[in-house]
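Everything on this sheet refers to the single structure shown next.
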Amino acid sequence: MTRTDVEALLHGLKLRYGEYWSKEHREKSLGELAEALMAHMAEWKLGKRRSEGEDRERFVVSAVVSRWNADYALDEGTEA
């Protein structure tokens, strides 16, 4: 994924779920969120940065991420 791809994905998620995010994450710019996400995923070995020449970088998401699914309850006993 390019940096723009990551930011576009985060933009959609922020519009849909942003009200549930922490204040810290709601107040970050898309660029700051993208950087934090990529750093966190790389730290957990869920993706890695790949350089494609001068000033060109992609983030490669690990295939294991596609196997994850999570549901969060809005209230006790209620699913999102």
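Read-outs throughout are calculated quantities, based only on the coordinates presented, and are distinct from any laboratory measurement. Only a predicted model underlies this, so the values are computations on that prediction, with no experimental measurement involved. When we count neighbours, we look across all protein chains shown, and the Cβ atoms used for this are built from the backbone with ideal geometry, even at glycine.
Can you give me the pair-distance distribution of the chain, C-alpha pairs, 10 Å bins, whole percents? The percentages, shortest bin first, are 16, 42, 33, 8, 2, 0.
Quickly rank 39-50, 54-65 as a protection proxy: mean count of other C-beta atoms within 10 Å, highest first. Mind showing how you got there, number by number?
Working: 39-50: 13.3, 54-65: 11.4.
Top of the packing list down: 39-50, 54-65.
Along region 37-47 the Karplus relation, 6.51 cos²θ - 1.76 cosθ + 1.60 evaluated at θ = phi - 60°, assigns HN-Hα couplings of 5, 5, 5, 5, 5, 5, 4, 8, 6, 9, x Hz to successive residues, with x for each Gly and Pro.
Please give the FRET efficiency for Glu43 paired with His11, using the beta carbon to beta carbon distance and R0 = 25 Å, rounded to the nearest 0.05. The computed FRET efficiency comes out at 0.60.
Projecting the Cα positions of Ala42, Ala63, Gly53 onto the charge dipole of region 3-67 (unit charges on Cβ atoms of Lys, Arg, Asp and Glu, taken about the Cα centre) puts Ala63 furthest along the positive direction.
Here the Karplus relation 6.51 cos²θ - 1.76 cosθ + 1.60, evaluated at θ = phi - 60°, turns the backbone of region 4-12 into coupling constants of 4, 4, 5, 5, 5, 4, 5, 4, x Hz, with x for every Gly and Pro.
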